[in-house]
1. Separation between the residue 108 and residue 189 pseudo-spin-labels, each 7 Å from Cα along Cα→Cβ, expressed in nm?
2. I'd like to compare 149-158, 127-136: which one has the highest average count of other Cβ atoms within 10 Å, and what's the full order after that?
3. By average Cβ neighbour count within 10 Å, what is the ranking of 268-274, 12-18, 59-65 from highest down?
4. Calculated from DSSP H runs of 4 or more alone, at -39500 (n - 2.57) each and per residue, what is the 222 nm mean residue ellipticity of the chain, nearest 500?
5. Using a Förster distance of 41 Å, how high is the FRET efficiency between residue 45 and residue 297, based on the Cβ-Cβ distance and rounded to 0.05?
6. Hey, with R₀ at 25 Å, roughly what FRET efficiency would residue 86 and residue 20 work out to, going by the Cβ-Cβ distance, to 0.05?
7. Given contacts defined as C-alpha pairs under 8 Å and at least six residues apart, what's the relative contact order of segment 11-293, whole-number percent?
8. Taking 0.36 nm per residue of sequence separation and subtracting the Cα-Cα distance, how much length would be gained by fully extending the chain between residue 233 and residue 100, in nm to one decimal?
């Protein structure tokens, strides 16, 4: 359950270079990343029940930069097995089609299912798991269904992917990865119940307060820049980040791509709630020199707004909206199923967005398997004005 860190505690985060997904190299570098923060045995003991939560958001083939790489997962599993852990891998992906969630398909196509089978570990599709309805103190949502498997584990290990996110948060990392312990399409429904970023991300914060990973290992070897978490472009980053403090891990990941850590809403909210360290002066980075490792030309989302309270104002001024590229659209209707406001409809063999109903959560862009929906700014003068406003924040 929720545990707060003492104010005098300094979180340790390891930052280790890793150039590619060669299995032997991955194991060597992950071992090093863990050794820097206390070693494998600090976290894993023989017989311990360990739940590994990768980030498998879409049914995309091996190596899609929005998903945790299957060889990264395989390396972590092998390391934990050597310490005698009883391992389960669990996930609930984003999106659905004709009322059927994507998770089963995503686990298979991404290579996650094959890794679990070859390594002899249990794989749980959270969409079909029993749930524990867990109360949280949040004005928008009073209880959250969480996969029962989560509470049966002695240790939850998060394997997030370093990638951007169009919905006001700039990146999605270790904190947001925990959202996948909620089964099925109820995840999209929370966007309707809490449509503003400063509302929605309090739900993420409160969920994280219930399900805090005891260890985070970032797959930041290849990530996604631009309009992620699924419609961006692949970007070689070349690092592994590890910490027992997921908030601090997110902070370092954010600083690595040249974004101030506390400008990311999930990091700030969780840090302010005492769920981890978000300020760099409270974090010790071990391994590589973070300042020398910063990627200064990392492309951020079109929707990037550092102040969440200005998010809707800026998007309104610039007329930043999800745009459907009809040439790429295959009429699969995933966006229609995934929209919490039911703002997308089929008209004369064309999918159209009702702008008056759209809350600009960009769930449609996030779940589109063909990258046919992306944010687009239509107002040049508003774009200039937004930059002036943002420069003051």
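No lab work stands behind these numbers, since they all come straight from the coordinates. Not measured: the values here are computed from a predicted model. Note: ideal-geometry Cβ built from the backbone for every residue, glycine included; neighbour counts use all protein chains shown.
1. Simple spin-label model gives 2.7 nm for this pair.
2. 149-158, 127-136
3. Values: 268-274: 19.1, 12-18: 21.9, 59-65: 17.3.
Those peptides, ordered most packed to least, come out 12-18, 268-274, 59-65.
4. Value at 222 nm, helices only, nearest 500: -9000 deg cm²/dmol.
5. 0.45
6. Once the sixth-power term is evaluated, E becomes 0.25.
7. 24
8. Full extension from residue 233 to residue 100 adds 45.2 nm.
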